[in-house]
Amino acid sequence: MQPRRWDVFCRVIDNFGDIGVCWRLAAALGARGEQVRLWLDDDSALAWMAPGGAPGVSVQRWTAEPPALAPGEVVIEAFGCAPPDSFVAAMAKQAAAGHPPLWINLEYLSAEAYVERSHGLRSPQFSGPGAGLDKWFFYPGFSAATGGLLHDGSALANDPAGARAWLLAQPWAAGLPANARLLLLFGYPSPVWRALLPLLAPPGTVLLLPLGGLCSQLQAGTPPIGSRLLALPHLPQPDFDRLLAATDVNIVRGEDSFVRAQLCSAQPFVWQIYPQQDGAHGLKLEAFLDRYLSGSPEPLAHDIRQLFRAVNGLAARPAHVPDINTWQPLHQRWRRQLLAQHDLCSELLRFVANKQA
């Protein structure tokens with residue numbers, strides 16, 4: 001069977017989460033033998049995120065007047081970014097000739113109930129350059145009724161000692177004690193950190209800070225007593241996954257690192273969700289916690305929920321951090337549950353094969 005040609009469109013909004021997800025997807029498809037053209041309006045982050053590229057993946061700059069390239073058999077718009085009108089018109093022209101591309105809107109990840117209801121739904125296009133085409137909604141998610149998650153890097157959690165050895169061998173980790181308590185803090189700048197860091201980082205903790213706004217915020221202040229700040233360079237995606245597997249606790253943000261912390265590490269994590277002015281992020285957070293904490297002992301579930309809420313500015317600082325040794329089995333059970341489901345790349349390929357049969 002000939003490999004399909006895919007066009008994946010991605011607009012880089014901020015914080016690298018969108019390009020992170022799209023690059024992982026493109027690389028996963030390329031590893032399955034597909035041919036992927038990744039359209040980006042800003043590809044600068046790939047210089048450090050994916051310096052070696054990936055087999056089967058080419059990058060196309062998405063400019064104000066994009067080149068008139070023939071659409072592939074599958075067209076993905078990531079997060080509703082809407083391909084250029086000229087490209088959609090070319091899709092419609094192919095459809096009129098009897099060769100319609102499969103048009104997919106890859107949506108944002110959420111644990112909310114509407115995802116299972118909406119996954120795989122058809123959206124007929126009645127106007128504009130794509131009139132007459134169908135667009136299909138494809139939702140990543142946490143259950144078998146969704147498109148699943150990208151499982152790349154998940155084997156790292158099975159060898160935390162190897163991941164720690166890798167970390168200690170990095171130039172930026174020179175001088176770190178082998179038994180140091182490592183806390184990855186990959187979040188957004190926020191006033192909550194002033195109150196929470198003394199709780200999260202007891203004496204002896206090394207806070208690993210990826211470059212960004214939060215790193216700058218904390219470097220301008222005073223670290224918690226007895227702890228140390230360590231700014232990290234930008235890391236390629238495989239190395240970031242190793243970092244997650246090597247630390248004792250991961251605080252992550254957005255979507256890409258959120259998924260990686262669940263799959264690549266056997267250690268607990270806390271999610272700082274992207275804040276929205278209408279408060280929708282609070283509902284999204286609670287929907288995830290309802291799934292993540294399902295079946296857990298109530299005292300532990302309460303403490304974890306309060307910590308997640310506090311990190312997101314939705315509750316006051318909790319009295320204490322949940323016991324990591326008690327929390328870890330909960331996290332590992334959740335991770336096994338996710339890995340038992342089909343991964344997003346496999347589900348996407350199956351979806352495309354069914355629609356094009």
Fill in the blank from the handout: Cβ-Cβ cut-off under 12 Å around Ser118, Lys and Arg +1, Asp and Glu -1: the net charge is -1
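Taking only protein heavy atoms and a 1.4 Å probe, what accessible area per residue, in Å², does the chain have with all protein chains in place?
Counting only protein heavy atoms, the per-residue value for the chain is 43 Å².
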Practice task
Only Lys, Arg, Asp and Glu count, each charged at its Cβ (+1, +1, -1, -1), so figure out the dipole size of the chain about its Cα centre, rounded to 20 debye.
Solution key: 440
Problem - Size of charge dipole - the stretch 211-357 - debye, nearest 20, with Cβ of Lys, Arg +1 and Asp, Glu -1, no other charges - result: 100
Practice task
Please say if the stretch 94-161 is rounded, prolate or oblate, where rounded means a/c under 1.5 for a ≥ b ≥ c the square roots of the C-alpha gyration tensor eigenvalues, and otherwise the choice is prolate for a/b larger than b/c and oblate otherwise?
Solution key: prolate
Handout entry: Leading residue at positive end of dipole, the stretch 142-256 (Cβ point charges), from Pro224, Gln237, Leu183
Key = Pro224
Problem - Under Karplus coefficients 6.51, -1.76 and 1.60, residue-wise ³J(HN,Hα) of the stretch 47-61 in Hz, glycine/proline x - result: 4, 10, 6, 8, x, x, x, 7, x, x, 10, 10, 10, 10, 5
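Run through the DSSP bridge list for the chain and note the antiparallel percent, rounded to the nearest 5. List each step's numbers first, then the result.
Details: 3 of 43 bridges.
Around 5 percent of the beta bridges assigned by DSSP in the chain are antiparallel ones.
Sorted by packing (mean other beta-carbon atoms within 10 Å per residue), highest first, where do 186-194, 328-336 land?
Working: 186-194: 18.2, 328-336: 15.6.
Going from most to least packed, we get 186-194, 328-336.
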Fill in the blank from the handout: Whole-Hz Karplus couplings 3J(HN,Hα) for the stretch 343-357, θ = phi - 60° and coefficients 6.51, -1.76, 1.60, Gly and Pro as x, run 7, 4, 4, 5, 5, 5, 4, 5, 4, 5, 4, 5, 6, 9, 5
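Please report, in debye to the nearest 20, how large the charge dipole of the stretch 1-45 is about its Cα centre when each Lys and Arg carries +1 at its beta carbon and each Asp and Glu carries -1 there.
Working: 6 positive and 7 negative charges, 72 e Å.
My answer is approximately 340 debye.
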Handout entry: Loop chymotrypsin sites (Phe, Trp or Tyr not before Pro), the stretch 89-185, which have at most 15 other Cβ atoms in a 10 Å radius of their Cβ (DSSP)
Key = Phe126
Practice task
Kindly point out, ordered by number, any Cys in the chain whose beta-carbon has no other cysteine beta-carbon under 4.7 Å away.
Solution key: Cys81, Cys215, Cys264, Cys345
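Please compute the net charge surrounding Pro318, taking Lys and Arg as +1 and Asp and Glu as -1 over other residues with Cβ under 9 Å from its Cβ. Spell out each step's value before the answer.
Working: positive: Arg309, Arg317; negative: Asp303.
Charge balance near Pro318 sits at +1.
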Practice task
Report, ordered by chain and residue number, the aspartates and glutamates lying within cross-link reach of Lys93, taken as a straight Cα distance under 17 Å and ignoring same-chain residues fewer than 8 apart.
Solution key: Asp7, Glu73, Asp85, Asp134
Completion exercise
DSSP beta bridges in the stretch 59-135: the antiparallel percent, rounded to 5, is 25
Fill in the blank from the handout: Expressed as a percent, the accessible surface of the chain that is carbon or sulfur, using a 1.4 Å probe and the full set of protein chains, is 55
Practice task
Mind checking which of Val352, Ala174, Leu133 is farthest towards the positive end of the chain's charge dipole, using Cβ charges of +1 (Lys, Arg) and -1 (Asp, Glu) about the Cα centre?
Solution key: Ala174
Practice task
Could you please report the charge total around Gly17, scoring K, R as +1 and D, E as -1 over all other residues with beta-carbon less than 10 angstrom from its beta-carbon?
Solution key: -3
Practice task
For Lys284, list the lysines whose Cα falls under 28 Å from its own Cα; do not include residues on the same chain fewer than 8 positions away.
Solution key: Lys135
Completion exercise
For the stretch 74-86, in residue order, the Karplus 3J(HN,Hα) values (coefficients 6.51, -1.76, 1.60; θ = phi - 60°; whole Hz; Gly and Pro = x) are 10, 10, 10, 9, 7, 6, x, 7, 6, x, x, 4, 5
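The values are calculated or read from the model by the stated rules, or taken from the named source; none is laboratory data. The model shown is predicted, which means the values in this text are computed figures rather than measured ones. Note that we place each Cβ from the backbone using ideal geometry, even for glycine, and neighbour counts take in every protein chain shown. Side chains included, ligands, DNA and RNA excluded: accessible areas come from the protein's heavy atoms. Shrake-Rupley method; radii C 1.70, N 1.55, O 1.52, S 1.80 Å.
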